[in-house]
Amino acid sequence: EMSASLVGSEMCIRDRTAQNFEAALKENKTAVVEFYSKTCRHCKKLEAGIQELSEELGDSVFFGKVEIPAEIFLAEEYEVGSVPALLYFKDGQLRERSLGFVHKLIIAENIKKL
């Protein structure tokens with residue numbers, strides 16, 4: 001049921017579907033979710049930074065990703081109109097979002113502010 005997309009040695013960025021999205025937000029105090037598409041170049045650049053962050057921050061932050069258009073309902077629910085988009089959740093609540101390519105240091109800052 002849970003599909004893990006493995007990139008690099010220790011990947012903790014998990015693909016999310018509508019079914020397991022809510023559960024992930026409930027289970028994890030802090031979560032950062034990337035909305036992406038397979039053809040998007042900026043998404044791949046962004047993912048490299050997220051990969052590094054997930055290794056640096058370990059279990060303290062959950063990193064997930066949601067593919068568009070496969071999960072269009074989630075995109076509509078969170079009003080994601082373009083990719084890449086990062087949504088930052090604290091205790092299940094959407095607290096912050098960023099659009100387009102964002103440097104990993106800025107992502108780290110945004111996480112600290114949650």
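If the condition is being in a strand (DSSP E or B), without any contact (Cβ under 8 Å) to a residue 60 or more places away in the chain and closer than 18 Å to Asn110 by Cβ, then segment 67-100 contributes Ala85, Leu86, Leu87, Tyr88, Gln93, Leu94, Arg95, Glu96, Arg97, Ser98, Leu99. If you go through segment 26-47 and keep only what is under 12 Å from the mean Cα position of the chain (by Cα) and within 20 Å of Glu109 (Cα to Cα), you end up with Thr30, Ala31, Val32, Val33, Glu34, Phe35, Cys43, Leu46, Glu47.
Quick check on Glu56: is it assigned to a strand (DSSP E or B), at pLDDT 85 or above and open to solvent by 20 Å² or more (accessible area, probe 1.4 Å)? When the stated conditions are applied, Glu56 does not pass them. Scanning segment 17-52 for residues being open to solvent by 20 Å² or more (accessible area, probe 1.4 Å), of a type in the set (Asp, Glu) and within 18 Å of Phe89 (Cβ to Cβ) gives a total of 2.
Any residue in segment 16-39 that is of a type in the set (A, V, I, L, M, F, W, C) and part of a loop (DSSP other than H, G, I, E, B)? No. When restricted to residues that are among the acidic types (Asp, Glu) and either modelled with pLDDT of 95 or more or open to solvent by less than 20 Å² (accessible area, probe 1.4 Å) (or both), segment 80-114 contains 2.
The condition (being in contact with a Phe, Trp or Tyr (Cβ under 7 Å, 6 or more places away or on another chain), in contact (Cβ under 8 Å) with a residue 24 or more places away in the chain and at negative phi) is satisfied by just one residue among Ser60, Ser37, Ser54: Ser54.
Take Glu1 and decide whether it is at pLDDT below 90 and not hydrophobic (A, V, I, L, M, F, W, C). Against the criterion (at pLDDT below 90 and not hydrophobic (A, V, I, L, M, F, W, C)), Glu1 qualifies.
The values are calculated or read from the model by the stated rules, or taken from the named source; none is laboratory data. Keep in mind the model is a prediction, meaning the values are calculated, not measured. Note: ideal-geometry Cβ built from the backbone for every residue, glycine included; neighbour counts use all protein chains shown. With ligands, DNA and RNA removed, areas are computed over all heavy atoms of the protein, side chains included. Shrake-Rupley method; radii C 1.70, N 1.55, O 1.52, S 1.80 Å.
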